[in-house]
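I have placed the structure first, in the form of structure tokens, so that the comments after it can refer back to it.
The values are calculated or read from the model by the stated rules, or taken from the named source; none is laboratory data. Here the structure is a predicted model, which is why all the values come from computation and not from measurement. With ideal geometry, Cβ positions are generated from the backbone for all residues, glycine too; neighbour counts draw on all protein chains shown.
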2 protein chains.
Amino acid sequence: MDKILSFHPLLADKVRLSIMGVLANSNEPIAFTDLIEAMQLTKGNLSSHMKKLEEGGLIKMEKEFVNRKPRTTYECTPNGREHLKEYLEQIQALLKFN
Amino acid sequence: MDKILSFHPLLADKVRLSIMGVLANSNEPIAFTDLIEAMQLTKGNLSSHMKKLEEGGLIKMEKEFVNRKPRTTYECTPNGREHLKEYLEQIQALLKFN
């Protein structure tokens with residue numbers, strides 16, 4: 001029996017895990033500007049996390065034009081949701097004394 | 001509303017979190033040698049984690065002699081248990097879509 005948690009390495013960071021939680025709880029894509037406001041992170045800091053999450057296939061980015069202005073949105077992928085579910089299940093199994 | 005998780009920094013590492021889970025699930029102190037076997041970690045690696053957890057007040061170390069042999073045991077402190085509970089609650093609140 002392996003006692004060490006083995007969730008997706010990108011979820012080990014609490015900022016990235018928090019971003020994933022916000023995206024996974026939303027039924028629609030969230031604009032980058034709204035995420036900045038929600039997470040209270042700098043643009044550069046958030047960008048860097050989003051890039052990693054996208055490369056890892058946990059989120060999906062979309063760029064579109066709204067009233068001729070570019071708009072970037074993000075959403076959690078089914079794969080991302082699967083990893084979050086696994087993460088939660090592992091934590092709950094580990095801390096079953098509660 | 002703060003969207004970023006804010007659990008105890010020592011719990012951000014999944015090996016340490018795993019060790020804490022094992023200790024918190026046990027009703028009695030666990031010997032260092034048993035922990036090595038359970039966690040499948042090297043002595044040095046486990047020692048380093050235990051030292052950090054102890055310094056952070058999340059676990060308590062005890063040294064005793066059993067049949068004239070020194071024995072080191074560890075147990076989760078009430079404070080450690082409190083932080084684990086907080087961790088679990090935060091994760092469950094974050095991933096409430098499940």
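Observations
- Within this structure, A:E86 passes the test of being over 13 Å from the mean Cα position of the chain (by Cα) and either assigned to a helix (DSSP H, G or I) or buried (at least 16 other Cβ atoms within 10 Å of the Cβ) (or both).
- Residues that are surrounded by fewer than 19 Cβ atoms within 10 Å (Cβ to Cβ) and closer than 15 Å to B:S6 by Cα, drawn from region A:1-13: A:A12, A:D13
- Scanning region A:1-15 for residues that are assigned to a loop (DSSP other than H, G, I, E, B) and among the aliphatic types (A, V, I, L, M) yields A:M1, A:I4, A:L5.
- Unmet criterion (only one of (1) part of a strand (DSSP E or B); (2) modelled with pLDDT of 95 or more) for B:E64: (2)
- Scanning region A:60-76 for residues that are more than 14 Å from every other protein chain (Cβ to nearest Cβ) and within 11 Å of the chain's Cα centre (by Cα) returns A:K60, A:Y74.
So that you can scan it fast, the table gives a plain yes or no per residue for (1) aliphatic (A, V, I, L, M); (2) in contact with an Asp or Glu (Cβ under 6 Å, 6 or more places away or on another chain); (3) within 25 Å of B:D13 (Cα to Cα):
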{"residue": "A:V22", "(1), (2), (3)": "yes, no, yes"}
{"residue": "A:S26", "(1), (2), (3)": "no, no, no"}
{"residue": "A:L35", "(1), (2), (3)": "yes, no, no"}
{"residue": "A:M39", "(1), (2), (3)": "yes, no, yes"}
{"residue": "A:K43", "(1), (2), (3)": "no, no, no"}
{"residue": "A:E62", "(1), (2), (3)": "no, no, no"}
{"residue": "A:P78", "(1), (2), (3)": "no, no, no"}
{"residue": "A:L88", "(1), (2), (3)": "yes, no, yes"}
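- Looking across region B:16-36, the residues that are surrounded by 16 or more Cβ atoms within 10 Å (Cβ to Cβ) and either among the charged types (D, E, K, R) or in a helix (DSSP H, G or I) (or both) come down to B:R16, B:L17, B:S18, B:I19, B:M20, B:G21, B:V22, B:L23, B:A24, B:F32, B:L35.
- Under the condition of being at the interface with chain A (Cβ under 8 Å from one of its Cβ atoms), in contact with a Lys or Arg (Cβ under 7 Å, 6 or more places away or on another chain) and of a type outside the set (S, T, N, Q), the residues counted in region B:8-59 number 5.
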